[in-house]
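Report on the following structure.
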Amino acid sequence: MSRLIVASNRVVDLEKGIQSGGLAVALGEALQLGRGVWFGWDGTIVESEGQLGLKLSQQNSMRTATVPLTREEYESYYLGFANKVLWPAFHYRLDLAVYDSSFIEGYRRVNARLAAQLAALVEPEDLIWVHDYHMLPFGDELRKQGCRQRIGFFLHIPFPPPEIFRAVPENVALARSMFAYDVVGFQTAGDTNNFVRYIVEQCGGEILDDDRVRCFERTITASAFPIGIDADAIYEMAHTPEAEAHISRLQRRSMANMFVLGVDRLDYSKGLPDRMKAFRRLLEMHPEMRKAVTMMQIAPPTREDVAAYAEIRHELEGLSGAINGEFGDFDWTPVRYIHRIVPRGTLAALFRGSHVGLVTPLRDGMNLVAKEYVASQDADNPGVLVLSKFSGAAEDLEEAILVNPYDTDEMAIALHRALTMPLEERRSRHEALIDRVRRRDVKNWRDSFLAALRSEPLSGARRDMPPIAAAAG
Ligand code: GDG
C-alpha cells in the first residue's frame, strides 16, 4: 500500500488538535491507515535561516514533518500573498486585496523551500495530497525537485469567476502551476466551473471527458469533492450528560426561551455585521420577539495581524453594543457575543440547544458549521438552519432556509419563519438535510479524492455531481 503524504500550511498539533475539527480527524485517519506523514508549517517563527530545519515527530502510526518560517516569510507568504491577496480575491473581495510585489515573491520562495524539504522525504510510491490556497504552486515546485509521484491538490476556499481571478497578480503563472498536479479538487461544481472557464477562456485550454482538462501541455482531472464532517462524532458530543447539563443551564439562566446561534472565525467573509443587522431588523419588525429570543454569536479571533480583521472586530463590537443598548433590558440581553475559542463539547451543546443555526457568510468554500448544526439536532424536535446562498454548503443543503446575506429584510423574514416554523416542517426539512450530511461525510470526501488521485473509478456521492460543463457558473 502506498504511503499518503499530506502537505498543508499548518500541521495540526498531534498532542492537542487531532480530536478537534473534521478535517484533522479525517486526514489523521487516512494518515494512520497509510503509514502517512503530515508535512507543513509548525506555526512558529524563527529569527534566522539557520533555524529552518525539518522536525520529525511520531504519534501512533502517524508522523508529522514540520518546519518553521522566518519573520520575513511569515509576512510575505502567510500574511501577505496568502491572506492579503488570495484570501480576499478568492472570496470575491478585490477591494480588500493588497498589491505589493514582495508578497508573490515571498510566496514562491516559501513554496519552493518547503517543496525542497519535503522532496527529501518522499518515496517513489507515495501519494501526495496538497491542501489549500497557501500552496497553489507547491506541486509544481515538487516536480522541479524531480518528484514523479501522483500529486493531488484540494482548494478549501471558493475559486472565483475568471473576471476576478484575472485581477490576481501572476494569475496565468499560478493557473499553469496547478497543472503540475494530477487531480485538482474544489468544494463545489460552481468553483470547478469557474476554474475550467478561466482555463478555457484565458489560457486556450480544452475540456475533455471524465472531468479532465488539457492546457499547458498537461492533462489534469478537475472536479468537485464537497468536504463533509464526522456526523456521528458531533451528534455524540451534543448528547453527552455534560451537554445536557449545559443546555438546561443555558435555558434556566435566560429570560428568552429561544436561541439563534452563529459560530464563525471572526472573518469578513462570514457576513457577521450583516447578520447582526438582520437580527436587529427582526426585533424591529416583530416586537413580540423581544425577550423571547437571544442571538449568540461565537466569533473566535483569527489573523489579527491583518488590518481588515481588526476593522471587522470593531464593527461587530459596535453593532452588538448598539443592539443591546437599544433593545436590551435588565432581564434580557438580545445579543451575546463571545470573541474567544469555545471548547468543542460546549459548541456541540449550543448547536443542539439552539432553535436556529444562522450561517450567513457572504462567500464560503463549504462551511462546516452548517453541517455540524444539522448533525447535532434531535430528529424528533430539530432546529432550523438558515443558510447563505453563497456558501458551498448551499449547493447540497437546499432544504435549509436559503437567504441572500446582503439582504437584511430577507434575512429578518427568514429568521422569523425559522423561529415560528411548525414541528412537522422542521422534521421533514431536517430529515432531508441529515441524510445529505451523512452521505457526504468527511470519509466520503477523503476516499473519493484519494480514489481519483489513484485513478480508481468514481464511487458513492461523487457520482451524483453534475459534470463540469453543465454546472452553473
Ligand atoms: C475553511 C473554509 C471550509 C469555529 N469556532 C470554534 C470552532 N470552530 C470550528 C467549527 C468548524 C470550523 O471551526 C470552521 O470551519 P468552517 O468550514 O465553518 O470555516 P473555515 O474555518 O473558514 O474553513 C470553509 C473549510 O475550510 C473546510 O474545507 O468549509 O469554507 O473557509 O468545524 O466548528 N471550534 C471550537 N471552538 C470555537 O470557538 N472548538
What FRET efficiency would be calculated for the residue pair Glu163, His239, taking the C-beta separation as r and a Förster radius of 45 Å, to the nearest 0.05?
0.45
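Can you tell me what share of the DSSP beta bridges in the chain is antiparallel? A percent to the nearest 5 is fine. The partial results should precede the final answer.
On the way: 12 of 60 bridges.
Looking only at bridges with both residues in the chain, the antiparallel portion is about 20 percent.
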Work out, in µm²/s and without decimals, the Stokes-Einstein translational diffusion coefficient of region 293-429 at 37 °C, 0.692 mPa s, Rh from Kirkwood over C-alpha pairs.
204
Percent antiparallel among DSSP beta bridges confined to region 231-439, rounded to 5, stands at 5
What ratio of Cα Rg to 2.2 N^0.38 Å holds for the chain?
0.98
Residue by residue, what Karplus-based ³J(HN,Hα) values in Hz, rounded to whole numbers, does region 279-294 have, using 6.51, -1.76 and 1.60 with θ = phi - 60° and x for Gly and Pro?
5, 4, 5, 4, 5, 6, 6, 10, x, 5, 7, 5, 6, 9, 9, 10
Using alpha carbons only, how many degrees (0 to 90, rounded to 10) separate the axis of helix 442-453 from the longest principal axis of the chain?
20
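FYI, it's all coordinate maths here, none of it is from the lab. These numbers come from a predicted model, not from an experiment. A quick note on method: Cβ atoms are made from the backbone with ideal geometry, for glycine too, and the neighbour counts reach across all protein chains shown.
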